[in-house]
Each structure stands twice: as structure tokens, then as C-alpha cells.
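Novice: The structure follows.
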Amino acid sequence: MYAPYRCKIVPKYKQSFSVTCIIGENLLYLSMWFLAGGLVWPVRWNGWPIVTIAWAVLVLVVQVLLKKHNCSGCYYYGKTCHLGWGKLSSWMFEQDSGDPKTGMRLSWFYIISPPIFLLAGLLVGILLDVGVWHWIFLGVYVVLNVLSFPIRKKGCGLCAMRAVCPGSAVRLSRD
């Protein structure tokens with residue numbers, strides 16, 4: 001369990017977030033993951049979009065593991081954080097069943113996947129015969145990733161766990 005939760009230290013932070021905020025931010029992430037899969041869709045093996053399938057499985061596995069390792073020990077466990085993941089975590093896992101160090105390593109997923117898919121999208125577009133939709137997907141993917149930084153930072157900035165959460169976009173040494 002994270003220290004602020006254990007000590008019930010949650011001054012001047014939001015206790016829960018609106019459903020609109022939760023749905024909006026999750027739709028943003030789902031859109032980016034969908035577009036990333038679309039960028040590598042032309043890469044096929046025996047007619048199957050194998051890279052897109054592998055990406056979908058990776059996203060699903062990482063998201064489940066993040067809920068276990070980052071969210072099961074969070075103040076928002078069973079509550080609605082700006083992503084709603086504390087509530088999801090409580091439905092899926094026992095409280096404090098995760099390892100925050102593993103959660104920290106899993107958080108790299110959000111840092112390394114956007115540039116990888118930007119480069120992959122460019123390479124696929126250059127090397128394979130793709131249509132205009134590929135380039136539109138790539139442009140929208142870049143725009144959504146750029147927009148996600150201030151949106152996520154705003155949500156994390158209101159969070160009670162922002163100083164200790166492995167996935168936080170806002171880190172403060174003291175409040």
C-alpha cells in the first residue's frame with residue numbers, strides 16, 4: 001500500500017472524478033491504441049495482420065497488469081480516479097495485491113509505445129503500398145498523442161497519489 005493512502009493523507013485533492021472526465025480520457029487512450037494498430041495493419045503474415053494482433057494482446061495484458069500493480073495499492077482503489085481505474089482494479093484484484101516496482105516498469109508502456117508506432121507508421125507508409133488513410137491515421141495519431149500530455153497531466157495534478165504513483169504524469173517532491 002502506498003504511504004499516503006496508509007496514512008490517510010489526502011488533503012486538497014479530488015476524492016472522485018466525473019464520469020465525463022473518465023469516459024473522455026479513456027476514449028482518448030482507446031483511440032490512440034486503435035490508431036497504433038491501424039498504422040501497422042498492412043504488415044501481414046499469411047494474410048493476417050499479425051503485428052496489429054500482437055499489439056492488441058499487448059495492450060490488453062499491460063492494462064490488466066497495470067490495474068493490479070499500480071491501482072490495487074492506490075488511494076482511489078474502489079473509487080473513481082481521473083481514469084476510473086481504481087474502480088476497475090477493485091473489481092479485478094484484491095487490495096494491495098500488486099507490486100509498485102512492477103507497476104513502475106509497466107508504466108514505460110506509455111512512454112515508449114508512441115515513438116515506436118510513429119516510426120513504425122512512417123516505415124510502413126514508406127515501404128508498403130498504403131493509401132491516404134494510413135497517412136491520415138498517422139496524423140491523427142500524432143495529434144492525439146500530443147494532446148494526451150496536457151490532459152493526463154491535468155488529471156494527475158488533481159490526484160491524491162500524484163507524488164507516489166508509478167504512472168503519474170505529475171511528480172512533486174512536496175506539496
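Novice: How big is the range 79-175 along each principal axis, measuring the range of its Cα positions in Å and listing the largest first?
Specialist: 49, 29, 22
Novice: Let me ask something else. Give me the percent of Cα-Cα pairs in the range 102-152 that sit more than 14 Å apart, rounded to a whole number.
Specialist: Details: 765 of 1275 pairs.
That tail contains 60 percent of the Cα-Cα pairs.
Novice: From the residues Val43, Phe17, Trp135, which one has its Cα farthest along the dipole of the chain in the positive direction, the dipole being from +1 and -1 charges on Cβ of Lys/Arg and Asp/Glu about the Cα centre?
Specialist: The residue sitting farthest along the positive end of the dipole is Phe17.
Novice: A follow-up question, please. Using Cα pairs closer than 8 Å and at least 6 residues apart in sequence, work out the relative contact order for the range 23-161, in percent. Each step should come with its number before you reach the end.
Specialist: Values: 139 pairs, mean separation 40.6, N = 139.
Worked out over the range 23-161, it gives 29 percent.
Novice: Would you calculate, for the chain, the mean residue ellipticity at 222 nm contributed by helices, counting each DSSP H stretch of 4 or more residues as -39,500 (n - 2.57) and dividing by all residues, to the nearest 500?
Specialist: Helices in the chain give a 222 nm mean residue ellipticity of -19000 deg cm²/dmol.
Novice: Sticking with this structure for a sec: Distance between Cα centroids, the range 21-69 to the range 78-105: provide it in whole Å.
Specialist: Taking the Cα centre of the range 78-105 as reference, the centre of the range 21-69 is 20 Å away.
Novice: Could you give the length gained on full extension between Val64 and Thr20, defined as 0.36 nm per residue of separation minus the Cα-Cα distance, in nm?
Specialist: In short, 13.6 nm is gained.
Novice: Let me ask you something else. Under a Cβ-only charge scheme (Lys and Arg +1, Asp and Glu -1), can you give me the dipole magnitude of the chain about the Cα centre, in debye to the nearest 20?
Specialist: On the way: 17 positive and 6 negative charges, 151 e Å.
My answer is approximately 720 debye.
Novice: Does the range 32-76 come out rounded, prolate or oblate, given a ≥ b ≥ c as the square roots of the eigenvalues of its C-alpha gyration tensor, rounded meaning a/c under 1.5 and, failing that, prolate meaning a/b above b/c?
Specialist: Numbers: a/c = 7.04, a/b = 2.92, b/c = 2.41.
Verdict is prolate for the range 32-76.
Novice: So what's the chain giving for Cα Rg divided by 2.2 N^0.38 Å, two decimals?
Specialist: On the way: Rg = 17.7 Å, N = 175, 2.2 N^0.38 = 15.7 Å.
Cα-based Rg divided by the globular estimate yields 1.13.
Novice: Rg and Dmax of the range 63-113, Cα atoms, in Å?
Specialist: Computed over the Cα atoms of the range 63-113, radius of gyration and Dmax are 10.1, 29 Å.
Novice: Select from the range 40-142 those chymotrypsin sites (Phe, Trp or Tyr not before Pro) which occupy a DSSP coil region and have at most 16 other Cβ atoms within 10 Å, ordered by residue number.
Specialist: Working: sites: Trp45, Trp55, Tyr75, Tyr76, Tyr77, Trp85, Trp91, Phe93, Trp108, Phe109, Tyr110, Phe117, Trp133, Trp135, Phe137, Tyr141; in loops: Tyr75, Tyr76, Tyr77, Phe93, Trp108.
Here the sparse-neighbourhood loop sites are Trp108.
Rule-based calculations on the coordinates, nothing more; no lab input. Since this is a predicted model, take the numbers as computed values, not measurements. Cβ coordinates were reconstructed from backbone atoms using ideal geometry, including for glycine residues, and neighbour counts include every protein chain displayed.
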